[in-house]
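Here's the structure, in structure tokens; my notes come after.
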There are 2 protein chains.
Amino acid sequence: MAGSDEFEIIARLMRPLAAGAPEALNLADDAALIPGRPGYELVVTKDAIVEGVHFLASDPLDQVAQKLLRVNLSDLAAKGASPYGYLLVQAWPKAAGASEREAFAAGLAADQAAYRLSLFGGDTVVTPGPALFSATMFGWVREGAMVRRDGAKAGDLVQVSGVIGDGVLGLKAALGELASERLAARYRLPVPRLDLSLEGASAAADISDGLIADAGHLAAASGVRIEIDLARLPLSDEGRAFAAAYPEQTLVALATGGDDYELVVTAAEPLAGFTVIGAVVAGSGVGVFLDGAPVSTGRAGWVHGRD
Amino acid sequence: MAGSDEFEIIARLMRPLAAGAPEALNLADDAALIPGRPGYELVVTKDAIVEGVHFLASDPLDQVAQKLLRVNLSDLAAKGASPYGYLLVQAWPKAAGASEREAFAAGLAADQAAYRLSLFGGDTVVTPGPALFSATMFGWVREGAMVRRDGAKAGDLVQVSGVIGDGVLGLKAALGELASERLAARYRLPVPRLDLSLEGASAAADISDGLIADAGHLAAASGVRIEIDLARLPLSDEGRAFAAAYPEQTLVALATGGDDYELVVTAAEPLAGFTVIGAVVAGSGVGVFLDGAPVSTGRAGWVHGRD
């Protein structure tokens, strides 16, 4: 974007989001400055979302902004890191005007307050294509305390936070295939599990691709096999109602649907706030069972490109 | 991007770019981990480039990748920071295949070697629009040693590195309006001035928007006025040839054209590798002179949105 309009918009909408964060240098510089924090390490995640792919043109832009921050915060939650701040790329179509920019900034402001984050900097450009937003999110962990994906050991318990499957049910609700405001809101505004302690966890991932797929990432990184008992999945009332009618198909759908933004962890002991759903054993891959019988999960969850 | 193809491409093209960088966690995690470096602070910059806006669909993709890294490295150079590593967002049109991805990765590999960088992580997505790439670049500075924009003081000398104006001449050459392979290459592959010491500089910026505009950013941030004598601009042979015919118009064009990726600094003393072109005085804004007479620069350089 060119000219004084863009500088005015940045000053009016973005600078307040950086107020109080010396790291942002008042957004008057080309860089942010992150001071060292003795005894801590910096965890960094980066996700991009594209209009028409990861969100719909009709989605309220304040919620799009919040979802962008939250999917990144969910990655921090899976590392046991505390949110710190973020850099933002906004690529806006030429047709986007002040009201779109204001709605997006309002969403950022709401979640900055909710998660105690500051904007550190970024870049705003015009695109001839659909809107695209990308955040680089920073969090702090105590030195050596980051929970990785590759620490799961045979004998560990496999555990998940919250309930599984509301993400995919929420997508159905957002698409109008299911009448539930609660589930639609759950899909549009996932809640990163920053409230949970990962103390004692040997490995962790957030559930974005689907429980089975994300458990598979842990198994692959750790060189172990993960076995999951679908009968032990914690479900919401809605999930339970569906599972009552068609247990196996429903449980597989909920365990592969994705967008839950809950955590799947392995640990020697049960962790507070988590439900044990299986065990880590020697081998590779993910085994899924229901009432003791193996269950085929087919294509195990939507696999996002991630590098 | 979905499915095993994307995982295969990431493994084949991206993982080698992260080899040897423990920060990247082998690109098998959702996050990168940056250990503290006692006595240092982390400088972070973020730029996005869009096909059809910042580069052309016909531009070789290896050079697009290199330019993305180099414009970010130029920001680090202006801070006096040493390059460390980067996160990358790649948004590829559906039609982009393995050969495009390979060309882009080859450009990354070339500049990682040239500038001793590692890939730390990122995200790859498909877009229904044009290609978009974004990098978050990390560099280290000694604690308290980062050169900011707001330190220019009345009495300081205004100085620039290299030659001014080859960026805009290079754009003309790249567009075929000017026959010079050297200048076209200069535009496509700017050279970030990481070779220069900023020891003693009170303020600095890289010249992306144009010398006058970027000097204006220093003046505004520092609360001072910068006066520049166009007769003192260091020019290339080509720049000098043009300036000989129409001195004032040419010098204004070269000083407002942008894309030089040289540095403009202020310092009490002349710095090695820089040419003194003016002085910092009390007041505000930028005054431009030629042979002692004020020169109108009109619209002072292309103003990118940047926050």
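The values are calculated or read from the model by the stated rules, or taken from the named source; none is laboratory data. In this text, all values refer to a predicted model and were calculated from it rather than measured experimentally. Glycine also receives a Cβ, built like all others from the backbone with ideal geometry; neighbour counts cover every protein chain displayed. Note: accessible area is taken over every heavy atom of the protein model, side chains too, but ligands, DNA and RNA are not part of it. Shrake-Rupley method; radii C 1.70, N 1.55, O 1.52, S 1.80 Å.
Averaging the sequence gap over all C-alpha pairs within less than 8 Å and six or more residues apart, then dividing by the number of residues, gives chain A a relative contact order of 21 percent.
Here the accessible area is traced with a 1.4 Å probe on the protein chains. For the protein assembly as shown, carbon and sulfur cover 55 percent of it. What is the Cα centroid distance between the stretch B:1-60 and the stretch A:266-300, reported in whole angstrom? Spelled out, the Cα-based centre of one part sits 32 Å from the other. When the protein assembly as shown is described by a simple charge dipole with +1 on each Lys and Arg Cβ and -1 on each Asp and Glu Cβ, the residue from B:GLN63, A:GLY210, B:ALA219 located farthest towards its positive end is B:ALA219.
Between B:ALA98, A:PRO128, B:PRO234, the Cα set farthest toward the positive side of the dipole of the protein assembly as shown (charges on each charged residue's Cβ, about the Cα centre) is that of B:PRO234. Interface size between chain B and chain A, please: total buried accessible area, 1.4 Å probe, rounded to the nearest 100 Å². Separately minus together, B and A give about 5300 Å² buried. For A:PRO35, the point set 7 Å out from Cα toward Cβ sits 2.3 nm from its twins in the other copies, listed from shortest up. P(r) of the stretch B:125-256 in 5 Å steps, Cα pairs, percent per bin? For the stretch B:125-256, the binned pair fractions read 2, 9, 16, 18, 17, 15, 12, 7, 3, 1, 0 percent.
Between the stretch A:236-259 and the stretch A:76-138, the alpha-carbon centres lie 33 Å apart.
Near B:ALA32, once Lys and Arg are set to +1 and Asp and Glu to -1 for all other residues with Cβ below 9 Å from its Cβ, the sum equals -1.
Of the residues in the stretch A:42-69, those shielded by at least 40 Å² of accessible area once partner protein chains are present, compared with the chain alone at a 1.4 Å probe, are A:LEU42, A:VAL44, A:LYS46, A:ALA48. On the beta carbon distance between B:GLU102 and B:LEU175, with R0 = 30 Å, the FRET formula returns roughly 0.65.
Residues in the stretch A:278-285 carry Karplus couplings, in order, of x, 9, 8, 10, 5, x, 8, x Hz; the curve used is 6.51 cos²θ - 1.76 cosθ + 1.60 with θ = phi - 60°, and Gly or Pro positions show x. Between copies, A:PHE289 shows label-point distances of 8.7 nm, shortest first, with the point placed 7 angstrom from Cα along Cα to C-beta. Computed about the Cα centre, the dipole magnitude for the stretch B:100-237 is approximately 120 debye when only Lys and Arg (+1) and Asp and Glu (-1) carry charge, each at its Cβ.
Couplings 3J(HN,Hα) of the stretch A:174-188, computed from phi: 5, 7, x, 7, 8, 8, 7, 4, 4, 5, 4, 5, 4, 6, 6 Hz, in residue order, whole Hz [Karplus 6.51 cos²θ - 1.76 cosθ + 1.60, θ = phi - 60°; x for Gly and Pro]. For the stretch B:212-288, the calculated P(r), taken from all Cα-Cα distances in 10 Å bins from zero up to the bin holding the longest distance, is 18, 50, 28, 4 percent.
Annotation: amide H-H contacts under 5 Å for B:GLY52 (H modelled 1.01 Å from N, sequence separation of 5 or more, or interchain): B:ALA57. The helix-only estimate of mean residue ellipticity at 222 nm for chain B, built from DSSP H runs of length n ≥ 4 each weighted as -39500 (n - 2.57), is -9500 deg cm²/dmol after division by the residue total.
On alpha carbon coordinates alone, what is the Rg over Rh value for the stretch B:1-77, Rh being the Kirkwood radius? Computed over Cα atoms, the ratio is 1.02. Under the 0.36 nm per residue contour assumption, what length would be gained going from the current alpha-carbon distance of B:ALA220 and B:ASP5 to full extension? Between B:ALA220 and B:ASP5, full extension yields 72.4 nm more. Taking a point 7 Å out from the Cα of B:ARG12 in the direction of its Cβ, the residues of the stretch B:98-123 whose backbone N falls within less than 15 Å of it are B:98-106. Rolled with a 1.4 Å probe across the full set of protein chains, the surface gives B:ARG186 an accessible area near 40 Å².
Along the stretch A:17-33 the Karplus relation, 6.51 cos²θ - 1.76 cosθ + 1.60 evaluated at θ = phi - 60°, assigns HN-Hα couplings of 6, 9, 4, x, 10, x, 4, 7, 6, 6, 6, 9, 10, 8, 8, 10, 10 Hz to successive residues, with x for each Gly and Pro.
Amide H contacts for A:VAL295 (H built 1.01 Å from N in the peptide plane; partners 5 or more residues away or on another chain; cut-off under 5 Å): A:VAL288, A:PHE289, A:LEU290.
About the Cα centre, and with charges only on the beta carbon of Lys, Arg (+1) and Asp, Glu (-1), how big is the dipole of chain A? Nearest 20 debye, please.
240
Once backbone amide H atoms are built at 1.01 Å from N, A:ILE277 has A:VAL158, A:GLN159, A:VAL160 as its partners under 5 Å, excluding neighbours fewer than 5 places away on the same chain.
Working value for chain A: equivalent-ellipsoid semi-axes of 36, 24, 14 Å, each the square root of 5 times a Cα gyration tensor eigenvalue, largest first. Closest approach of any chain A Cβ to the axis that rotates A onto B belongs to A:GLY129, 1, distance given in whole Å.
Shown for B:ALA110: label points 7 Å from Cα along the beta-carbon vector, and their distances to the equivalent points in the other copies, 4.6 nm in ascending order. Between B:VAL281 and B:GLU248, the contour length at 0.36 nm per residue exceeds the alpha carbon distance by 9.6 nm. Computed from the alpha carbon positions, the gyration tensor of the protein assembly as shown leads to an equivalent ellipsoid with semi-axes of 48, 23, 22 Å, biggest first.
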